[in-house]
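The block underneath contains the structure these notes are about, expressed in structure tokens.
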Amino acid sequence: MIMRLFAFLFGMVLVSGVFAQEEDLSQMLDKALVLNINTKLVSEANKVNWSFSVTKITIPGKPVAVQLNGKNLKVYINFTPYKEEKEQKAILVAQGQIWLQETSTGEGKYLTTLKTIPVAIGEKIKYYPLGVGDSSEYTIELEIEIIPYSDLKKSK
């Protein structure tokens, strides 16, 4: 009798734990954000020489990592979105690390960047980790859009 009571109580604890986890997951997905990131390598003549797109799901405050590796260049960027409660606005923090080796001299450079970008949910913004308008032959352009995870589910 005691064993049956113990088994019943243990089963109730397990079932209530599963429901609590499902509620927690559901609440987390309600707050989840999707980052659509389109990356291009653009020449001085505005020709797109290379591109790729990635979609990442995250929660506010958790970074999404993007890495670009080339022969003489490594770019690591963490994008961390922070959504304002009850508003269609967010803050996107872009933290970058860049390793660049000059082809002519072989000299290496290390650069870091930290940008805080206010953005409306659904707005596409452009981010240039190496800057724009300098003397380089190519520009790396990242177009980033933040949308709620719930909108991604609706579109499928």
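For Y110, the conditions (1) hydroxyl-bearing (S, T, Y); (2) closer than 16 Å to L33 by Cβ; (3) without any contact (Cβ under 8 Å) to a residue 40 or more places away in the chain all hold with the exception of (2).
With the condition kept exactly as written, say whether any residue in the stretch 129-136 is among the acidic types (D, E) and assigned to a strand (DSSP E or B). No. For the stretch 30-49, a tally of residues being at pLDDT 90 or above, in a strand (DSSP E or B) and surrounded by 12 or more Cβ atoms within 10 Å (Cβ to Cβ) returns 8.
Taking the criterion of being free of Cβ contacts under 8 Å to residues at least 24 places away in the same chain, over 28 Å from T105 (Cα atoms) and in a strand (DSSP E or B), the residues of the stretch 56-80 that qualify are K56, A65, N78, T80.
The values are calculated or read from the model by the stated rules, or taken from the named source; none is laboratory data. Everything quoted here is computed from the prediction, not taken from an experiment. Ideal geometry is used to build each Cβ from the backbone, glycine not excepted, and the neighbour counts take in all protein chains shown.
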